[in-house]
1. Can we say Y152 is in contact (Cβ under 8 Å) with a residue 24 or more places away in the chain, out of contact with any Lys or Arg (no Cβ under 6 Å at 6 or more places or on another chain) and under 22 Å from V212 (Cα atoms)?
2. Hey, S129 hits all of (1) surrounded by 19 or more Cβ atoms within 10 Å (Cβ to Cβ); (2) assigned to a loop (DSSP other than H, G, I, E, B) but one; which does it fall short on?
3. Restricting attention to the stretch 16-69, which residues are among the basic types (K, R) and more than 14 Å from ligand 1 (Cβ to nearest atom)?
4. Output the residue which, of all residues in the stretch 224-254 that are in contact with a Ser or Thr (Cβ under 7 Å, 6 or more places away or on another chain) and in a helix (DSSP H, G or I), is farthest from ligand 1 (Cβ to nearest atom).
5. From the set of residues in the stretch 119-148 that are of a type in the set (S, T, Y) and more than 14 Å from ligand 1 (Cβ to nearest atom), which is farthest from S88 (Cα to Cα)?
6. Just checking, how many residues over the stretch 14-39 are in contact with a helix residue (DSSP H, G or I) (Cβ under 7 Å, 6 or more places away or on another chain), within 16 Å of ligand 2 (Cβ to nearest atom) and within 23 Å of E62 (Cβ to Cβ)?
7. Closer than 27 Å to Y83 by Cβ, modelled with pLDDT under 95, within 16 Å of ligand 2 (Cβ to nearest atom) and surrounded by 13 or more Cβ atoms within 10 Å (Cβ to Cβ): is that true of G226 in this structure?
Amino acid sequence: MSRIISIVNQKGGVGKTTTAVNLASYLANMGRRVLLIDLDPQANATSGLGIDYNNSPIGLYEVLMGPQGLRDAAMPGPMGNLYVVPSSQNLAGANIELVGHPEREFRLHNEILNVKNDYDYIIIDSPPSLGLLTINGLVAASEILIPVQCEYFALEGLGQLLNTINLIKEHVKPEINILGAVMTMYDERHKLTRDIFDELYRYFPHKIFRTVIPRNAKLAEAPSFGQPILHYDPLSVGGRAYGRLAREVDFSTI
Ligand SMILES: Nc1ncnc2c1ncn2[C@@H]1O[C@H](COP(=O)(O)OP(=O)(O)O)[C@@H](O)[C@H]1O
Ligand SMILES: [Mg+2]
């Protein structure tokens, strides 16, 4: 049974893409068959894995809008077992173009049904909004992973996100579950982040990953080389943390 994990938080800059890219590559390195779907028009996950979507005539936009499927769009990633469905800027139009589409919330879900059995994990990197693209990612998911940046306004908007997830669960797809929250960019010297940790437990009792991702410059540098941290600097504290997160995700069941 494949696990479909959407990485979601409508705030930008909280570590969604960093988590998507590095979780996907460590899972692939563990021998799992992984498909990473880049649902963000900014295409940071695509470029962060060294993939030039200009080389690909079929990206996620074409899959959502046209007759092609995910199998036509998947490109080999930087390591065996990892495939990537690239985003591109025209995906930004999809938020509006999908509005008139029948089953507009189910476009990605329906496409994933055709390739599900090819993979152990399908990881979806979401854009920073709760628009139709993100909704497609939520509806397609079996599990939702929420990166939370350790900073003052980290919890702002989480209520709205959990509400949206509950509405989808009630009205559209009962079988989605919150896998958990992952604390990102953690700096243990700051008391502030400990307060946030305590507060977060009120939102996610039992659902916070034990692995906390530290703030680490290597994680920020790696994408400019088009490499996951596993290739760029696996021994960095950030690299080791994402390795642990991948094992924790792989062990976890809901
Ligand atoms: N743990 C971390 N330590 C240092 N920099 C990070 C870390 N996680 C993410 N970053 C950097 O912070 C910025 C935002 O991260 P990103 O993953 O793109 O967030 P999002 O996808 O939620 O917008 C990027 O420049 C990224 O390289
Ligand atoms: Mg992103």
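The values are calculated or read from the model by the stated rules, or taken from the named source; none is laboratory data. Because the structure is a prediction, the values reported are computed rather than measured. Glycine also receives a Cβ, built like all others from the backbone with ideal geometry; neighbour counts cover every protein chain displayed.
1. Values: in contact (Cβ under 8 Å) with a residue 24 or more places away in the chain: yes; out of contact with any Lys or Arg (no Cβ under 6 Å at 6 or more places or on another chain): yes; under 22 Å from V212 (Cα atoms): yes.
So Y152 fits the description; yes.
2. (1)
3. Of the residues in the stretch 16-69, the ones among the basic types (K, R) are 16, 32-33.
Result: R32, R33.
4. E248
5. Narrowing the stretch 119-148 to residues of a type in the set (S, T, Y): 119, 121, 126, 129, 134, 142.
The next check asks that each one be more than 14 Å from ligand 1 (Cβ to nearest atom); those that pass are 119, 121, 142.
Details: Y119: 23, Y121: 22, S142: 25 Å.
The extreme case among them is S142.
6. So the count comes out to 7.
7. no
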